[in-house]
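The values are calculated or read from the model by the stated rules, or taken from the named source; none is laboratory data. All of these numbers come straight from a predicted model, not from anything done at the bench. In this analysis, Cβ positions are derived from the backbone assuming ideal geometry, glycine residues included, and neighbour counts consider all displayed protein chains. Ligands, DNA and RNA are stripped out before the accessible areas are found, and what is left, the full protein with its side chains, is counted by its heavy atoms. Shrake-Rupley method; radii C 1.70, N 1.55, O 1.52, S 1.80 Å.
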Amino acid sequence: MVEHKKRSIVKAISWRTLGTVDTMLISFIVTGSPLAAVSIGGFELITKTLLYYFHERAWNKINFGRQKEIEYQI
């Protein structure tokens, strides 16, 4: 089973959306500044989305923990 690049992109975006909301919330709690929270969250969104995408693509090339599907013939 191979994941296509589009799937990796959608997964990266959905995960980072959730992660960015968390980062902004924590940043707001720590700084008390909505502007700081949005700035930190925005920067983090870009960098971590790219990091996740390349991480996901690298793991897609590694067979560790995968099993080949058995093809049945009759």
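What the table shows:
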quantity: Residues of the range 1-30 classified as over 10 Å from the mean Cα position of the chain (by Cα) and open to solvent by 70 Å² or more (accessible area, probe 1.4 Å), total; calculated: 13
quantity: Scope the range 35-74; condition in a helix (DSSP H, G or I) and either among the acidic types (Asp, Glu) or in contact with an Asp or Glu (Cβ under 6 Å, 6 or more places away or on another chain) (or both); matching residues; calculated: 44, 56, 60
